[in-house]
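The values are calculated or read from the model by the stated rules, or taken from the named source; none is laboratory data. Not measured: the values here are computed from a predicted model. Methodologically, a virtual Cβ is constructed for each residue, glycine included, from the backbone with ideal geometry; neighbour enumeration extends over all protein chains shown. Protein only, heavy atoms only, side chains kept; ligands, DNA and RNA dropped before computing areas. Shrake-Rupley method; radii C 1.70, N 1.55, O 1.52, S 1.80 Å.
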Amino acid sequence: MAQSPLPRLIPPRIPTLVIEGLDELWTVAGPAPRTGRRQTELTPIIDGAVACAGADIIAAGATADVRRSVTWAPDTKVIDGRGRSMVPGFVDAHTHVVFAGDRRRELRRRLGGATYAEIAAEGGGILSTVRATRAASESDLVAATRGRLGEMLAAGTTTAEAKSGYGLDTETELRMLRATAVLGRTQPIELVSTFMGAHEVPPEYRGRQAEFVEMIVDEMLPLAAPLAEWCDVFCDRGFFTPAEATAILEAGRRAGLKPRIHADELAASGGSQVAAAVRARSADHLVFADAAAIGALAGAGVIATLLPCAAFYLKLGRYAPARELIAASVPVALATDVNPGGGLSPSMPFAMTLACFAMGMTFEEALSAATINAAASLDRDVRVGSLEPGKQFDAVLVDGPATNLVRANTSAIVGVYKRGALAAGIE
């Protein structure tokens with residue numbers, strides 16, 4: 001009788017780094033995305049520890065359990081985490097971080113009462129940044145963006161989405177995507193690239209919007225697809241219609257790009273229904289999402305990526321209905337919407353703060369939204385977004401309890417780790 005082969009014994013991995021004795025360890029573990037009650041039900045591990053071998057987590061849990069589960073080596077680096085907490089590295093799932101120019105003069109106008117639409121009608125807003133970005137070289141874009149990414153990293157962001165959309169012509173859109181690729185290789189934050197040629201209608205196509213949509217589909221998308229992973233459209237009042245958004249996103253899918261969408265930021269525009277119809281991974285903003293929109297998102301399994309910083313800085317007077325979305329079991333993610341006009345904060349903790357105090361989310365819901373759900377919205381949850389064995393060690397070390405993250409204008413973050421190495425702060 002033939003014998004079964006003996007199982008292959010895999011030697012235990014020796015940790016290169018152990019952080020132990022943490023007052024709170026928030027692993028945010030489990031299937032992604034978290035929905036409904038699961039988005040709320042997070043419990044920290046008291047006296048927690050994480051061990052990693054190179055970039056990968058090999059153990060996470062109570063300090064005593066982690067000590068027993070790994071084989072120590074003389075050169076294993078051990079850090080005492082007493083008095084500190086740890087959460088997963090933040091995933092900023094919606095940014096326009098690649099751009100040139102400066103629109104802070106518009107901020108004073110907005111503070112004086114001018115609306116987003118009024119500023120745009122006068123040649124400001126997105127088109128102001130388009131002019132500056134078209135004039136910038138690839139190296140200019142890389143240099144300008146690197147500093148902004150450094151600010152995001154210091155605030156705990158370890159993975160971020162980066163959109164094009166300030167070119168609105170083929171040459172500049174491709175230049176932005178190439179700059180994103182360079183930055184992804186040359187600084188610590190892991191970047192996820194999105195093509196967004198349909199961000200606004202450029203001046204040369206005013207009155208000929210249908211022709212611009214045709215140009216995006218026929219010319220831009222085939223050239224942009226090898227440089228991006230996602231396709232996005234600004235589907236809202238005064239921008240792109242549901243029919244136009246559907247055509248662009250479906251063309252993007254044919255070119256190999258996955259769909260996501262700016263929806264219902266300025267009005268109930270039908271963007272949520274487009275997201276459901278095309279099975280977008282994420283519908284973003286959703287400030288004016290109504291019951292029908294929420295039902296469509298829930299039925300299609302679309303993640304709602306909410307951007308409270310944008311609503312705050314644009315003085316929209318309202319925020320996305322986070323409580324209603326969570327009640328409907330729509331998974332909620334958070335992002336900063338870093339951009340030159342309405343996304344003036346690089347800080348995911350600030351987005352969490354607004355989520356808690358302006359949108360009624362609990363700390364646990366906001367933490368889920370800023371980590372595992374945001375990772376799921378970018379199809380990165382297999383590797384990032386939680387602190388579990390087999391995942392990448394991307395983490396934020398916080399001075400004191402994790403709720404110190406929502407204390408505005410403090411220095412609660414003392415260390416940021418990316419792929420097992422300290423990327424910002426001190427150990």
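For Asp102, state whether it is over 30 Å from Glu365 (Cα atoms) and either assigned to a strand (DSSP E or B) or at pLDDT below 90 (or both).
Values: over 30 Å from Glu365 (Cα atoms): yes; either assigned to a strand (DSSP E or B) or at pLDDT below 90 (or both): yes.
Criteria met by Asp102.
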Test: residue in the stretch 105-118 that is aliphatic (A, V, I, L, M), open to solvent by 40 Å² or more (accessible area, probe 1.4 Å), free of Cβ contacts under 8 Å to residues at least 12 places away in the same chain and closer than 19 Å to Tyr166 by Cβ: no
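Confirm whether Arg175 is touching an Asp or Glu at 6+ places or on another chain (Cβ under 6 Å), among the basic types (Lys, Arg) and either open to solvent by 10 Å² or more (accessible area, probe 1.4 Å) or not in a helix (DSSP H, G or I) (or both).
Numbers: touching an Asp or Glu at 6+ places or on another chain (Cβ under 6 Å): yes; among the basic types (Lys, Arg): yes; either open to solvent by 10 Å² or more (accessible area, probe 1.4 Å) or not in a helix (DSSP H, G or I) (or both): yes.
Yes: the conditions hold for Arg175.
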Which listed residue, of Val66, Val50, is farther than 25 Å from Val332 by Cα, open to solvent by less than 40 Å² (accessible area, probe 1.4 Å) and assigned to a helix (DSSP H, G or I): Val66
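So that you can scan it fast, the table gives a plain yes or no per residue for (1) touching a strand residue (DSSP E or B) at 6+ places or on another chain (Cβ under 9 Å); (2) open to solvent by 20 Å² or more (accessible area, probe 1.4 Å); (3) assigned to a loop (DSSP other than H, G, I, E, B):
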position: Ala243; (1), (2), (3): no, yes, no
position: Gly252; (1), (2), (3): yes, no, no
position: Arg260; (1), (2), (3): yes, no, no
position: Glu265; (1), (2), (3): yes, no, yes
position: Ala268; (1), (2), (3): no, yes, yes
position: Ser272; (1), (2), (3): yes, no, no
position: Asp284; (1), (2), (3): yes, no, no
position: Ala292; (1), (2), (3): no, yes, no
position: Ala298; (1), (2), (3): no, yes, no
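Any idea which residue in the stretch 313-324 is modelled with the lowest pLDDT, counting only those that are assigned to a helix (DSSP H, G or I) and surrounded by fewer than 24 Cβ atoms within 10 Å (Cβ to Cβ)? Let's see the steps before the verdict.
Step one: list which residues in the stretch 313-324 are assigned to a helix (DSSP H, G or I), which gives 313, 322-324.
Right, trim to surrounded by fewer than 24 Cβ atoms within 10 Å (Cβ to Cβ) and you get 313, 323-324.
Numbers: Tyr313: 92, Arg323: 98, Glu324: 98.
The selected residue is Tyr313.
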Selection within the stretch 105-118 - in a helix (DSSP H, G or I) and aliphatic (A, V, I, L, M): Leu107, Leu111, Ala117
Qualifying residue in the stretch 140-156 (condition: free of Cβ contacts under 8 Å to residues at least 12 places away in the same chain, farther than 18 Å from Gly341 by Cα and either hydrophobic (A, V, I, L, M, F, W, C) or out of contact with any Phe, Trp or Tyr (no Cβ under 8 Å at 6 or more places or on another chain) (or both)): yes
Test set (1) within 20 Å of Leu397 (Cα to Cα); (2) assigned to a loop (DSSP other than H, G, I, E, B) - Ile57 fails condition number: (2)
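Scan the stretch 148-172 for residues that are assigned to a helix (DSSP H, G or I) and open to solvent by less than 30 Å² (accessible area, probe 1.4 Å) and report the count. Break it down stepwise before answering.
Going residue by residue through the stretch 148-172, those that are assigned to a helix (DSSP H, G or I) are 148-154, 170-172.
So of that shortlist, the ones also open to solvent by less than 30 Å² (accessible area, probe 1.4 Å) come out as 149, 152-153, 170, 172.
Looking only at that region, the number is 5.
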Options Ala181, Ala132, Ala225; residue that is over 30 Å from Ala423 (Cβ atoms), in a helix (DSSP H, G or I), out of contact with any helix residue (DSSP H, G or I) (no Cβ under 6 Å at 6 or more places or on another chain) and small (Gly, Ala, Ser): Ala225
Answer residue from the stretch 337-368, given it is aliphatic (A, V, I, L, M) and within 10 Å of Pro308 (Cα to Cα) and is most open to solvent (accessible area, probe 1.4 Å) among those: Ala358
Lone unmet requirement of (1) without any contact (Cβ under 8 Å) to a residue 60 or more places away in the chain; (2) part of a loop (DSSP other than H, G, I, E, B) for Ala366: (2)
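Criterion first (under 26 Å from Asp394 (Cβ atoms), charged (D, E, K, R) and surrounded by 23 or more Cβ atoms within 10 Å (Cβ to Cβ)) does Asp232 satisfy it? Give the derivation first.
Working: under 26 Å from Asp394 (Cβ atoms): yes; charged (D, E, K, R): yes; surrounded by 23 or more Cβ atoms within 10 Å (Cβ to Cβ): yes.
Yes, satisfied.
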